[in-house]
Amino acid sequence: MTAAPLADGETGFDRTLRFALPDLNARGRIVRLGPVLDEILAAHAYPAAIRHLLAEALTLTALLGALLKGGNEDGDDSQLTMQAQTEAGVVEWLVCDYRGGELRGYVRHDPERLAALGANPTLFALFGRGYLGITFDIAGAGKRYQGIVPLEGETLAAACESYFQQSEQVPTLIRVGVRSGPGGCIAGGLLLQHLAEGEEGRERLHVRLDHPQWEHVAALGGSIAHDELVDPALGLESIVWRLFHEEPEIRVEPGPALMRGCRCSIAHYRDIIARFPPAEREAMRGDDGVIAVDCAFCSKVFPIVLE
Ligand SMILES: [Zn+2]
C-alpha cells in the first residue's frame with residue numbers, strides 16, 4: 001500500500017486492529033475501549049484512581065489479548081491473564097483477563113489508605129514493591145507462557161514492556177491513554193513489536209535491542225500522543241496511517257470486537273463445588289443449606305444448591 005490513506009469507515013469503540021509492517025519486521029495492535037470499560041468498572045464503586053488504574057490494565061489486557069490468534073467466533077479458548085500484586089500495597093490485587101474478545105477485571109484495594117494518598121497517586125504509591133504476572137494460555141497447543149516482572153517504572157504499560165523485553169526477548173513499545181469524563185471512560189492503546197523473522201515469529205535468533213529497523217519503528221510509534229489514543233473521532237486505521245504512511249507496506253486487518261465477559265454461572269460453580277470432598281461441601285453450606293459463591297469480577301453472589 002503506498003498511495004491512498006487507509007479506509008476509515010469504522011471508528012467506534014471496543015475494537016481491536018491488527019497490523020504489520022513486513023519490510024520493517026514489525027507487527028502492531030491498536031485498541032479503543034469505551035462502553036466495555038464502563039460496564040466492567042460499574043461492578044464496583046471504585047474511587048477515581050482505581051478506576052483509572054483498572055481502565056489502563058484492561059486496555060493493556062485487550063492489547064496483549066489481541067496478540068492471540070483467535071477471533072470472536074472461532075471457538076479459540078486461548079487466554080491472556082494479567083495479575084498485579086503486592087505484599088503490603090494500597091492495591092492488594094489486580095487481575096484482568098481476555099478470551100476471544102471477552103474482557104473482565106477487578107481490583108481489591110484498601111480505601112482508607114488510598115484516600116490518604118491524595119489525587120493521582122504514582123504506581124509505586126499504589127503498589128509499593130509489586131509484581132506483574134502475565135500468562136498466555138494457548139488453547140489447542142496446550143502451551144503456557146508465563147513471566148513475572150517487578151512493577152517498576154511509572155505505568156503498568158512500562159511494566160508490560162519489560163515483560164516482553166525480559167521474558168520473551170522481544171523489543172516492544174506500548175502506549176496507553178485513558179480519559180475519564182462525565183460521559184464515561186475512553187481508553188486507547190498501541191502495541192508495537194519487533195519480530196526478527198516477521199509476523200509468524202519463527203525462532204527469534206540474534207534479536208538485538210539496538211536493531212536499526214526497530215529503532216525506526218519505535219520512533220514512529222512513540223510519537224503517538226495521548227490525545228490521539230483517546231480521540232473517538234480518530235479511527236484506529238487513521239492512527240496507523242498517521243504513524244506509518246511513509247512505509248512501503250502496511251497490512252491491516254480487524255481484530256476481535258471487545259465485550260465484557262465472565263465465566264460465572266450457577267452451572268459453572270456447581271461443577272467446581274461438586275469436585276470438593278463431601279465433608280468440605282457440607283462445611284460450605286450456610287444455615288439455609290445453600291452455598292453462596294461470590295464472583296469478584298461481577299460483584300455478584302450465586303446461590304448454589306446441591307443435591
Ligand atoms: Zn462473574
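We did not get these values from a lab; they are worked out from the coordinates using the rules stated. Remember, it's a predicted structure, so these values are computed and weren't measured experimentally. Here Cβ is always computed from backbone atoms with ideal geometry, including for glycine, and neighbour counts include all displayed protein chains.
Among Val301, Gly255, Leu190, which residue has its Cα furthest toward the positive end of the charge dipole of the chain, with +1 on Lys/Arg Cβ and -1 on Asp/Glu Cβ?
Working it through, the farthest residue towards the positive pole turns out to be Val301.
For Ala292, which sequence-distant residues (separation of 5 or more, or a different chain) have an amide H within less than 5 Å of its own amide H, given hydrogens modelled in the peptide plane?
Gly286, Ile304
What does the charge add up to near Ser180, with Lys and Arg as +1, Asp and Glu as -1, over the other residues with Cβ less than 12 Å from its Cβ?
Details: positive: Arg51, Arg179; negative: Asp38, Glu56.
Result for the neighbourhood of Ser180: 0.
Dividing the alpha-carbon radius of gyration of the chain by 2.2 N^0.38 Å (N being the number of residues), what value is obtained?
1.07
Check Arg15: other-chain or 5+ apart residues with amide H under 5 Å from its amide H, H built from backbone geometry?
For Arg15, the qualifying residues are Arg32, Leu258.
Please list, in order along segment 101-106, the HN-Hα scalar couplings obtained from phi with the Karplus expression 6.51 cos²θ - 1.76 cosθ + 1.60 (θ = phi - 60°), rounded to whole Hz, x for Gly and Pro.
For segment 101-106, the Karplus-derived couplings read x, 8, 10, 8, x, 7 Hz, x marking Gly and Pro.
Once you charge only the Cβ atoms, +1 for Lys and Arg and -1 for Asp and Glu, what is the size of the charge dipole of the chain about its Cα centre, to the nearest 20 debye? Numbers along the way, then the final one.
Working: 28 positive and 43 negative charges, 81 e Å.
I would put it at about 380 debye.
In a GNM of the chain with a 10 Å cut-off on Cα contacts, which of Thr61, Thr16, Thr122 has the highest mean-square fluctuation?
Thr122
Rounded to the nearest 500, what is the chain's calculated 222 nm mean residue ellipticity when only DSSP H runs of at least 4 contribute -39500 (n - 2.57) each, over all residues?
On the way: 10 runs with 87 residues, N = 307.
Roughly -8000 deg cm²/dmol at 222 nm, from the helical runs in the chain.
Please report the base-10 log of the normalised intensity I(q)/I(0) for segment 30-114, using a Debye sum with one equal scatterer per alpha carbon and no solvent, at each q in 0.13, 0.16, 0.24 (1/Å).
Debye intensities relative to I(0), on a log10 scale: -0.43, -0.62, -1.16.
Which order, highest average first, do 47-57, 285-295 follow once you tally other Cβ atoms within 10 Å for each residue and take the mean per peptide? Walk me through the numbers before you get to the answer.
Working: 47-57: 20.6, 285-295: 12.8.
Packing proxy ranking, top to bottom: 47-57, 285-295.
Applying a 10 Å radius around every beta-carbon, put 218-225, 156-163 in order of their mean neighbour count, most first. Intermediate values should be presented prior to the final figure.
On the way: 218-225: 15.5, 156-163: 21.1.
Highest mean packing first, the order is 156-163, 218-225.
Scanning the chain for helices, which whole DSSP H stretches are 24 Å or more long along the axis (Cα) and average -0.5 or more by Kyte-Doolittle?
Numbers: long enough: 48-65 (25 Å, 1.29).
Qualifying helices: 48-65.
Give the long-range amide H neighbours of Leu103: residues separated by 5 or more places, or on another chain, with amide H under 5 Å away, using H modelled in the peptide plane at 1.01 Å from N.
HN-HN under 5 Å from Leu103: Met259, Arg260, Gly261.
Just the ratio, please: alpha-carbon radius of gyration of segment 78-129 over 2.2 N^0.38 Å, N its number of residues.
Working: Rg = 12.9 Å, N = 52, 2.2 N^0.38 = 9.9 Å.
Rounded to two decimals, the normalised Rg is 1.31.
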